[in-house]
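These notes are about the structure you will find just below.
The values are calculated or read from the model by the stated rules, or taken from the named source; none is laboratory data. For clarity, every value in this text was computed on a predicted model and none was experimentally measured. Note: areas computed on protein heavy atoms with side chains; ligands, DNA, RNA excluded. Shrake-Rupley method; radii C 1.70, N 1.55, O 1.52, S 1.80 Å.
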Amino acid sequence: MKRILSNETINYIGKEVKVCGWVNSIRVHGKIIFIDLRDISGILQVVFDYKNQEIYKIAEKVKPESVIELKGIINERPKNMINLKIKTGEVELLAKEIKILSKAETLPFSVEGDGYDINEEKRMKYRYLDLRRERMKRNLKTRFEVISFMRDFLKKEGFIEVETPILTKSTPEGARDFLVPSRLEKGKFYALPQSPQQYKQLLMVAGLEKYFQIARCFRDEDPRADRQAEFTQLDIETSFYSQEEILDLIERLYISLVKELFPEKKIQKIPFPRLTYKEVMEKYNSDKPDLRMDKNSKDELAFAFIVDFPMFVWSEEEKRWDAVHHPFTRPQTDNIKEIKKNPENILAYQYDFVLNGYEIGGGSLRTYNPEVLEAVFEVMGHKKDEIKEKFGHLLKAFEYGVPPHGGIAPGIDRFLSIVLNEPNIREVIAFPKTGDSRDLMMGAPDKVDEKQLKELGLEIKGIKDKDKKDKKKKEKK
Ligand code: ASP
């Protein structure tokens with residue numbers, strides 16, 4: 001007999017079915033035992049009658065969260081037992097057979113309820129259990145629906161999704177790179193992409209014109225509570241689009257997405273306000289102002305675009321100019337002398353996408369004139385031969401006919417946490433890391449074998465063994 005899902009049982013009244021899932025709860029009521037069976041579709045009430053001693057005895061002893069298989073007849077519930085809170089609330093399964101497929105030990109925490117009160121490190125260590133709770137399953141499902149919507153929308157707009165490499169070379173997005181040692185070329189390293197920035201620009205040189213990717217980005221930043229070392233963004237690049245055409249595309253995407261998937265939400269203002277950096281800094285002293293009228297209302301979405309950012313910012317730490325966005329951003333002038341002489345005055349075709357006080361994306365038109373690009377690198381303190389070594393591939397590509405291009409990259413994690421009213425982005429990521437980038441479930445990062453190091457030509461030197469230190473500390477206590 002083929003297994004059916006619990007929410008399908010309403011179509012099987014009077015018929016025999018087979019269902020499988022987890023024991024959500026057991027209630028023993030003298031001559032009757034109720035088991036709530038949980039599967040991906042929801043909950044089904046199962047009844048064990050005392051008269052059927054053989055299976056009654058098994059049901060009595062089954063531990064919650066065990067995986068079971070049941071056969072029996074779907075009956076309508078007596079009128080006074082109907083539970084309209086669940087999809088299958090008008091029926092129940094009268095069990096005839098029970099098979100325990102896998103017995104569960106007592107779980108480290110309950111998977112009923114929203115779980116906010118449980119220690120988060122514990123939830124992360126047993127993430128596969130934490131994900132059993134309905135809220136977390138709903139979050140993952142919504143994440144999938146949002147991503148599917150984006151894909152469908154962009155496909156209809158003529159975009160194509162292209163995968164770009166994870167093992168690559170450093171791309172400056174203002175953070176530190178994660179490095180991967182090369183075994184075949186000892187002493188050399190790949191970098192994990194901080195974003196697919198250079199690849200997507202090279203796809204424009206290739207003539208793809210409308211690219212997108214649900215892209216994973218890696219940034220080795222210092223510990224911060226609500227950041228992840230790897231995160232996902234909807235990466236977009238276009239050729240021949242004006243800044244306004246890019247903003248319009250994003251605006252249409254998010255309006256239709258909210259209408260379709262989050263109809264209970266109210267978008268505060270359409271079209272989304274376009275505010276200049278100067279304006280918002282003067283008015284709100286923030287480049288990601290929270291423009292909601294009522295900041296307590298959980299269903300209000302105040303989207304906005306912040307435009308006309310300065311091109312450069314002075315880095316006191318490094319005593320040099322840095323790009324506010326990244327060096328590929330196009331200054332609002334082609335005057336190379338001016339760029340070099342007065343970097344503080346140069347505005348950029350750069351825009352941020354903000355929502356309820358968060359930056360949920362950013363992008364820019366790109367410099368496609370190699371001379372301007374070199375001038376920008378120079379302002380940022382790069383030497384000529386260094387520019388060639390680091391960005392020669394891009395400058396070379398721009399010698400062969402490059403279209404004016406630009407793009408944007410809205411983040412997926414932050415947007416989801418806002419529309420799902422979650423307190424942080426870890427709640428919308430299946431397997432998140434802690435603020436200091438540890439994967440508590442897998443135990444990463446971790447040491448590797450001496451043999452692996454040797455193969456890579458690496459040697460660990462002068463680093464105190466943290467595990468040993470921790471152990472000693474514990475012993476002392
Ligand atoms: N690569 C940029 C980022 O990750 C986005 C862009 O300019 O398209 O922030």
- Report the dimensions of segment 301-358 along its three principal axes from the alpha-carbon atoms, largest first, rounded to Å. 42, 28, 17
- Note on the structure: If amide H atoms are modeled at 1.01 Å from N in the peptide plane, then the residues at a separation of 5 or more from residue 311, or on another chain, having amide H under 5 Å from its own are 346, 347, 348
- Which order do 372, 180 take by accessible area at a 1.4 Å probe, largest first? 180, 372
- Note on the structure: Binned at 5 Å from zero, the C-alpha pair distances of segment 72-132 give percents of 4, 13, 16, 12, 12, 19, 14, 8, 2
- With the cut-off at 15 Å, report for segment 34-73 the share of all Cα pairs above it, as a whole percent. 39
- Message: Starting from the Kirkwood Rh over alpha-carbon pairs, what translational D in µm² s⁻¹ does segment 1-53 have by Stokes-Einstein at 37 °C and 0.692 mPa s?
- Response: 276
- Task: Using a/c under 1.5 as the rounded threshold, could you call segment 338-477 rounded, prolate or oblate? The axes a ≥ b ≥ c are square roots of the C-alpha gyration tensor eigenvalues, and prolate needs a/b larger than b/c, oblate otherwise.
- Result: oblate
- Message: Given the C-alpha atoms of segment 98-177, compute the convex hull and give its volume per residue in Å³.
- Response: 240
- Note on the structure: Accessible-area order for 351, 400, largest to smallest, probe 1.4 angstrom, reads 400, 351
- Message: Calculate log10 I(q)/I(0) of segment 249-371 for q = 0.12, 0.23 Å⁻¹, where I(q) comes from the Debye formula with a single equal point scatterer on each Cα and nothing for solvent.
- Response: -0.53, -1.31
- Item | Two-decimal ratio, segment 256-315, of alpha-carbon radius of gyration to 2.2 N^0.38 Å | 1.35
- Note on the structure: Looks like segment 1-137, by Cα gyration tensor root eigenvalues a ≥ b ≥ c and the a/c under 1.5 rounded cutoff (else prolate when a/b is bigger than b/c, oblate otherwise), is prolate
- Query: Could you list log10 I(q)/I(0) for segment 351-413 at q = 0.14, 0.17 Å⁻¹, which the Debye formula gives when each Cα is one point scatterer?
  - Reply: -0.56, -0.72
- Violations at 20 Å Cα threshold for listed pairs 186/461; 156/266; 169/388; 433/454; 87/137 -> 156/266; 433/454
- Task: Send over the Kirkwood Rh of segment 125-219, from the inverse of the averaged 1/r over different Cα pairs, rounded to one decimal Å.
- Result: 16.1
- How much of the DSSP beta bridge set in the chain is antiparallel, as a percent to the nearest 5? 85
- Query: How much accessible surface does residue 3 have with a 1.4 Å probe, in Å² rounded to 10?
  - Reply: 90
- List, largest first, the extents of the alpha carbons of the chain along their principal axes, each in whole Å. 93, 59, 43
- Item | Global form of segment 168-253, assessed from the alpha-carbon gyration tensor, a/c cut-off 1.5 | oblate
- Mean Cα-pair separation over length for segment 207-292, i.e. relative contact order, pairs under 8 Å, 6 or more apart, %: 21
- With no solvent and one point on each alpha carbon, what is the Debye value of log10 I(q)/I(0) for segment 70-228 at q = 0.09, 0.11, 0.17 Å⁻¹? -0.61, -0.81, -1.20
- Task: For segment 166-175, take each phi angle, set θ = phi - 60°, evaluate the Karplus expression 6.51 cos²θ - 1.76 cosθ + 1.60, and give the result in whole Hz per residue in order, putting x for glycine and proline.
- Result: 8, 8, 8, 10, 3, 10, x, 10, x, 10
- The correct ranking of 153, 212 by accessible area at 1.4 Å, largest first, is 153, 212
- When the helix-only estimate is applied to the chain (DSSP H runs of n ≥ 4, each -39,500 (n - 2.57), divided by the residue count), what is the mean residue ellipticity at 222 nm, nearest 500 deg cm²/dmol? -8000 deg cm²/dmol
- What aspartates and glutamates sit close enough to residue 51 to cross-link, taking a C-alpha to C-alpha distance under 14 Å and skipping anything fewer than 8 places away on the same chain? 60, 97
- Task: Using just the alpha carbons, could you tell me how many Å³ per residue the convex hull of segment 177-305 encloses?
- Result: 183
- Message: Residue by residue through segment 56-73, what is 3J(HN,Hα) from phi via Karplus (6.51 cos²θ - 1.76 cosθ + 1.60, θ = phi - 60°)? Round to whole Hz and write x for glycine and proline.
- Response: 4, 5, 5, 4, 4, 9, 5, 8, x, 6, 5, 9, 10, 10, 10, 10, x, 9
- How much accessible surface does residue 202 have with a 1.4 Å probe, in Å² rounded to 10? 50
